[in-house]
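Heads up, the thing below is written out as structure tokens.
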Amino acid sequence: MNSRTLRVLEYPKILERLAQHCAFSGGAALAAALLPSTDLVTAQSWLIQSHEAYQLLGQKDDISFGGVSDLRPLLDRAARYSVLLPPDLLEIKFTLQRARQLRSLLVRLEQSFPHLAEMAFNIEPCDTLVEEIGRCISDRGEVLDSASPELARLRGELRVAQERLMSTLDRLVHSSDIKPYLQETLVTQRQGRYVIPVRAEHKGNVDGIIHDQSASGATLFIEPLKVVQQNNALRELELQEEKEIRRILLELSVAVAEEAPYLRRNTEVLAELDFTFAKAKYAYVLDATLPELTPFQPRKAGATDRANAPSFPHPGSVIDLHRARHPLLDPRTVVPVDVYLDAETFLIVITGPNTGGKTVSLKTVGLLAVMAQAGMMIPADPGSKLSVFEGIYADIGDEQSIEQSLSTFSGHMTHIIEILAQATPRCLVLLDELGAGTDPEEGSALAMALLENLRERSITTFATTHYSDLKLYAHNTPGVRNASVEFDVETLSPTYELSIGLPGRSNALTIARRLGLAAPIVDKAESIVRPDTLQADKLLDDIRQAKREAFEAAERARARERQGQLLENDLRHQLAQIEQARRAVIAESRTLMQNELDEARKEIEQLRRQARGGFGQSTSAAHEEFLARAEKELAQRRQNSEAVDARVVVPGSGLERLGGPLEVGDIVWVASLQASGEVLALHPASAEADVQLGNFRLKLPVKRLELRQKAPRQTAQPAVTFHSSPAPSPGIELDLRGERVEGGLEQLERYLNDAYRARLPFVRIIHGHGTGAMKSAVRDLLKRHPLIATVRSGDAGEGGDGVTMVKLVSA
């Protein structure tokens, strides 16, 4: 990839920001050296790794490379048999411990993140070395007594010797023979020897060796002769301890040198993982998405022959960027642009006013192509596509050079000549202000000739210009298309929006008039301009206005559709509440009626027993007559109750309800979906029925259907039975990360309908954490959706709170 192009596209700034997300120097070094790949498979592999890291961070935001260091300098020292110090050995230990944790995590998640797991498989745990360093070195960097039996023995003797020495010195400083000559009654150290502070004027009163004096000279630090032998013994033990510690550190250094190939590989793998997760973190900062990289697919430019210009083969390049944003601009203010090449176009000529965004659009295309080929997700909406170019060449900015005596025009021409010599049909060329810096007529002719040369060679090109002749050239030439950046003449400011298919205007006369230039001057200028130019500008204004109105109308239609959907959901909810209340009233009435009948039946039986046992014949006959009338009344009430039951729909009632079995044309209620529909066909063998619910035809168990209205009786016609089968599965998972809330909810609605038709029992909705807006909107919709049975957050093994597990109602 051309280094000058990367520089003018400001790619090094992207790498600087990427390196800031790396945890240690190994990853930062990879970021600083990252170059885009010209191999499709390699670029796709890098992108997949970045996207897996992006998804994993969305589920587990606690992944850390803390404690990881670049071990390669230490390994080089160990290879030369240098002794590594305790802090060096701790760096190795902590790095290996973190590597082992990352390996365990990524290997465990291999099924979901196979490419990251494949990288982690290359990590060698080196458990023996970690344990040996941990046995010998504490986390504070001290060599432990347990490092060797000899060190433990020496330190034991050191403690005893030190205690004896300090006891002797303590007695001396408190003795009446020496205490009056001391500056302070304390024991201190100088040059590794224990001494006492004696006043300088009394140095002859204390027998000993002078080791140091204070800055003022008032105090001498003297080692009393009585403790010289003890100090010597202590010093000998300290020297033996230092020798043993050095031996232990040397052994550990040799062990590190023996494991150096594995440690070096571990460092390189950790650097790759750190670098990959840095790309994922940067993607979150940019609100980036995964682009689709596609191979070149050569095709004809099309049958249209504008102005009898010869047609040249389309190189097959693909550029389809949805709401692309320049990654170095403030995401809160940058204006997204849509950039695409259709089946007939591979050259785009962008026109428009200065500071209108032409150069930014040019850089956005080039920079996003470079980022994608470097394995970075790009700041654009999902569905964006790019080809992998063998070379990207850009001539952008002022190329004036005083040192080389080059004017702006000469500087541009020098680089354009280099580009023409190197570019091929599988390259992308970006040319800013083509033909500028010289006589307009000659510059326009030269720019047109350059574009024609690139077209004849089938090289994908984006160029910006102010020349009107190039607008006509783009309009009349196959394979070439106009584009423009918009300018708001009311506010006298650019909108930075890119419109492909329409040439731009300079708006010079309009701007001059609005700024207050005298009307006669502007009128004179308009009279000089060719009439057809003014007419063309007027037509362009009308087209832009029509396009803007069509866009606003489409936005209003989408807003009404969303509002209608919300109203529909609200009505469904209200209908469900009404249905629930209706059932509750019916159930309560049925219970009360049944209780009354049971009470009446008990009273009649009691009266019958009393009549048979305690009354006379005439009285008994009267009672029997009374009981007969009561039983007749009770039977009439039971009959009325059964008639009410027949009119009341009960779930699970089967085929025998409301005056007979279900028939084609009956209107039924599906409680689980909170909707009514028409029976289209019956399947007695499986006890199922085909029901038309809105735009959906579903096969449902008959026991789940509640008859609401019988079909009108008609002349018998031959029955036609329809059999339906489950729709194709849309998959059990929907990933909404990177989507905006409104678009994501529309996708979710379509997905739930498809999943229900496919009879999926449950699905998994991935929304991530982010700001929480998508998660809240998704769960609010799911809670009131008629196709949903239950909703819950994902468990730890399912993605945690970044996913929602959904159980659909049975079909």
**Local electrostatic count at CYS22 - Lys and Arg +1, Asp and Glu -1, tallied over other residues with Cβ under 13 Å** = -1
**Asked** Taking θ as phi - 60°, what are the ³J(HN,Hα) couplings along region 757-766 by the Karplus curve (6.51, -1.76, 1.60), each to the nearest whole Hz, with x for Gly and Pro?
**Response** 5, 7, 6, 6, x, 8, 9, 10, 9, 9
**Request:** At a 1.4 Å probe radius, which order do ASP570, ASP61 fall into by accessible area, largest first?
**Result:** ASP61, ASP570
**Request:** Might you work out the accessible area of THR38 for me, using a 1.4 Å probe with all protein chains in place, and round it to the nearest 10 Å²?
**Result:** 70 Å²
**Prompt:** Which of the GluC sites (Glu not before Pro) found in region 358-461 are loop residues per DSSP with 12 or fewer other Cβ atoms within 10 Å of their Cβ?
**Reply:** GLU403
**Request:** Evaluate 2.2 N^0.38 Å with N set to the residue count of region 124-190, then give the Cα radius of gyration divided by it.
**Result:** 1.84
**Prompt:** For region 109-247, with the dipole built from +1 on Lys and Arg beta-carbon atoms and -1 on Asp and Glu ones, taken about the Cα centre, which of SER138, LEU225, GLN111 lies farthest toward the positive end?
**Reply:** LEU225
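Residue separation times 0.36 nm, minus the C-alpha to C-alpha distance between THR408 and GLN709: what's the value?
100.0 nm
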**Request:** For every other residue with a beta carbon closer than 14 angstrom to the beta carbon of PRO730, add +1 if it is Lys or Arg and -1 if Asp or Glu, then tell me the sum.
**Result:** 0
**Item:** Of the trypsin sites (Lys or Arg not before Pro) in region 7-83, those whose Cβ has at most 14 other Cβ within 10 Å and which sit in DSSP loop
**Value:** LYS60, ARG80
**Message:** Taking 51 Å as R0, compute the FRET efficiency from the Cβ-Cβ separation of SER729 and SER589 and round it to 0.05.
**Reply:** 0.70
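Per 0.36 nm of contour for each residue apart, how much would the distance between ARG697 and ARG556 grow if the chain were fully extended, relative to their Cα-Cα spacing?
Numbers: separation 141, 0.36 × 141 = 50.76 nm, distance 3.07 nm.
Once the chain is fully extended between ARG697 and ARG556, it gains 47.7 nm.
The values are calculated or read from the model by the stated rules, or taken from the named source; none is laboratory data. Quick caveat: nothing in here was measured; it's all calculated off a predicted structure. Positions of Cβ are generated from backbone atoms using ideal geometry, with glycine treated the same way; all protein chains shown enter the neighbour counts. Side chains included, ligands, DNA and RNA excluded: accessible areas come from the protein's heavy atoms. Shrake-Rupley method; radii C 1.70, N 1.55, O 1.52, S 1.80 Å.
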